[in-house]
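The structure appears below as structure tokens.
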Amino acid sequence: MNWITKFVKPKLKSLLGGKKSLEIGEEAWVKCKQCQTMLYSEDLEKNLYVCPHCDLHLHIHPRLRMKHLFDEGAFKEISYPTVQLDPLNFKDKTSYKDKFKEAQRKTEMQDAFLIGFGKIQGITTTVIGMNFKFMGGSLSSAGAEAMVKAAEHAVANNTALVIFTASGGARMQENQMSLQALPKTTIAVQMVKDAKLPYIVVLTDPTTGGVTASFAMLGDVAIAEPKALIGFAGPRVIQNTVGETLPDGFQRSEFLLDHGFIDQIVHRKDLKTKLAQLLSLLLKRAA
Ligand SMILES: [Zn+2]
């Protein structure tokens, strides 16, 4: 990459009012949506996609997250069963099939879930990472299969299950099938609990809709990243329903912690240590 593409192009784009944030991973520059600083994506990657200027936690690809979470960056990816794609033949502006294939190409993932298996400070753990960049992290029938697969894997290997949630809710293109996926995920979580193994949830920005109404709220421990939006319906919908102005920071991690909805807020850079501590305590194994 030369000087022109690295420095001049983004400056020109911002001058010309390029309001749309650049896609992470596809462009060299990303605009922080909080402080509006143009951030060089290589630097951002080194900083775990946390803005070095204002500390905003941006979306991070689950594969990169796992690389930092597991010891020496080593982990095994576990695939999950495929399901029949798009039996409803759903189409809005473009077909669901096309959107899905584009999301797979962009994220290099099977669906919005990535299952990883490796060691966190020496403790073998099964981890799920959700990718908001995969159709808004929406929960599909395949997503439910991923939850079941990860739960079965955790039980078979006697490990805890840790999930990093990021989702706008159920996948609307799958209609009632995505709703049927919700109870399936709660059954998956129950399998882990029945085996007396810990299920830890790390809520990241944003975690909303049906995902909040199912597996995201069932953690034995509920951790959140700073300033993450966590809720069921969006603030505008609630405001219109209750007819009252909502308090500042409503549905953000800090507000939820104050109201006893989550257990703690942990900065992304401290998550590995915190998870290792919790796993060690809950499993009575030395980290
Ligand atoms: Zn920023």
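The values are calculated or read from the model by the stated rules, or taken from the named source; none is laboratory data. Keep in mind that this is a model prediction, so the values were computed, not measured. Cβ atoms come from the backbone with ideal geometry, glycine included; neighbour counts cover every protein chain shown.
In the range 36-76, which residue that is assigned to a loop (DSSP other than H, G, I, E, B) and of a type in the set (A, V, I, L, M, F, W, C) is farthest from the ligand (Cβ to nearest atom)?
Only one residue fits best here, namely Ala74.
Any chance you could count how many residues in the range 101-124 are in contact (Cβ under 8 Å) with a residue 40 or more places away in the chain and more than 14 Å from Pro62 (Cβ to Cβ)?
5
Which one of Ala166, Ala146 is modelled with pLDDT of 95 or more, assigned to a helix (DSSP H, G or I) and of a type in the set (A, V, I, L, M)?
Only one candidate passes the filter, namely Ala146.
What tally of residues in the range 242-261 results from selecting those that are assigned to a loop (DSSP other than H, G, I, E, B) and touching a Gly at 6+ places or on another chain (Cβ under 9 Å)?
Number satisfying all stated conditions: 2.
Pairs, please: C-beta under 8 Å, at least 6 apart or cross-chain, first residue closer than 11 Å to His57 by Cβ and in the range 265-276, second in a helix (DSSP H, G or I) and of a type in the set (S, T, N, Q)?
As it stands, the answer is Ile265/Ser253, since those pairs meet every condition given.
Quick one: what pairs do we get from the range 247-258, first residue outside the structural domain of Thr207 (by TED's automatic domain parsing) and under 11 Å from Ala224 (Cβ atoms), second modelled with pLDDT of 95 or more and not basic (Lys, Arg), C-beta under 9 Å, 6+ apart or different chains?
none
Would you say Gln173 is surrounded by fewer than 19 Cβ atoms within 10 Å (Cβ to Cβ) and in a helix (DSSP H, G or I)?
Considered against the rule, which asks whether it is surrounded by fewer than 19 Cβ atoms within 10 Å (Cβ to Cβ) and in a helix (DSSP H, G or I), Gln173 comes out as no.
For every residue, the table says whether it meets (1) part of a loop (DSSP other than H, G, I, E, B); (2) more than 30 Å from Lys284 (Cα to Cα).
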| residue | (1), (2) |
| --- | --- |
| Pro81 | yes, yes |
| Asn89 | yes, yes |
| Lys97 | no, yes |
| Glu102 | no, yes |
| Leu114 | no, no |
| Thr124 | no, no |
| Val127 | no, no |
| Phe132 | yes, yes |
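Given the conditions (1) farther than 21 Å from Ala195 by Cβ; (2) free of Cβ contacts under 8 Å to residues at least 60 places away in the same chain; (3) among the aliphatic types (A, V, I, L, M), which single one is not true for Met66?
Met66 satisfies all of (1) farther than 21 Å from Ala195 by Cβ; (2) free of Cβ contacts under 8 Å to residues at least 60 places away in the same chain; (3) among the aliphatic types (A, V, I, L, M) except (2).
Listed here are the residues, each with its yes/no results for (1) farther than 21 Å from Val50 by Cβ; (2) in a helix (DSSP H, G or I); (3) more than 15 Å from the chain's Cα centre (by Cα); (4) in the same structural domain as Met130 (by TED's automatic domain parsing).
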{"site": "Ile200", "(1), (2), (3), (4)": "no, no, no, yes"}
{"site": "Arg236", "(1), (2), (3), (4)": "yes, yes, yes, yes"}
{"site": "Asn240", "(1), (2), (3), (4)": "yes, yes, yes, yes"}
{"site": "Asp270", "(1), (2), (3), (4)": "no, yes, yes, yes"}
{"site": "Thr273", "(1), (2), (3), (4)": "no, yes, yes, yes"}
{"site": "Leu279", "(1), (2), (3), (4)": "yes, yes, yes, yes"}
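Name the residue, out of Ile24, Ile60, that is under 16 Å from the mean Cα position of the chain (by Cα), modelled with pLDDT under 90 and crowded, with 17+ Cβ neighbours inside 10 Å.
From the options Ile24, Ile60, the qualifying one is Ile24.
Name the single residue that is nearest to the chain's Cα centre (by Cα) among those in the range 179-198 being closer than 17 Å to Gly168 by Cβ and surrounded by fewer than 22 Cβ atoms within 10 Å (Cβ to Cβ).
Selected residue: Leu182.
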